[in-house]
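First comes the structure, then the notes that go with it.
The values are calculated or read from the model by the stated rules, or taken from the named source; none is laboratory data. Everything numeric here is computed off the predicted structure, so don't read it as measured data. SASA here: full protein model, heavy atoms, side chains in, ligands and nucleic acids out. Shrake-Rupley method; radii C 1.70, N 1.55, O 1.52, S 1.80 Å.
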Amino acid sequence: MGLYDRILVPTDGSDGVERAVRHAVDLAVVHGATLHALYVVDAAAYAGLPTEASLEGVDEMLRADAEDAVAAVASLADDYDVPCETAIRDGTPSGRIVTYAEANDCDLIVTATHGRGGIDRLLLGSTAEKVVRSATVPVLTVNLTSHNPGI
């Protein structure tokens, strides 16, 4: 067994998060680990929708996005013969990510520095930052861009 046995990779299905997912899969290959793909449905983020918007329709859309996102992670993991468990949870993303990691004995969380979001995610994404601050296991953050700023 390697250093990591169970690696959690939260996904929101966005293109940028794919870099973190690929990194998590690579780590799982090297360490012989099982990958856990988690999507957190944050329905509260859509609370400001106009009243004429169908909440049922939004929930169906979010669930479909969630299924697609974890299926994409599982497919990539399968390409590399990495065992993958998928899960969808409701709630605040940072809290659910940390809770899931603890409940499933994950020993590493690999997360993108930014996912879907707006101005509040200019530096380190608010979800990633909250996970880093509250997780009881190591958290590896993956920058969404591949450029090297020459630091």
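For the reader, a short list of remarks on this structure follows.
- Ordered by solvent-accessible area of protein heavy atoms (1.4 Å probe), largest first, the residues L144, L62 come out as L144, L62.
- Full extension of the segment from E102 to S14, taken as 0.36 nm per residue of separation minus the current Cα-Cα distance, would add 29.2 nm.
- Interchain or long-range residues, amide H under 5 Å from C84's placed H: L35
- Amide hydrogen proximity for A112: with H placed 1.01 Å from N in the peptide plane, the residues at 5 or more positions away or on another chain lying under 5 Å are V142.
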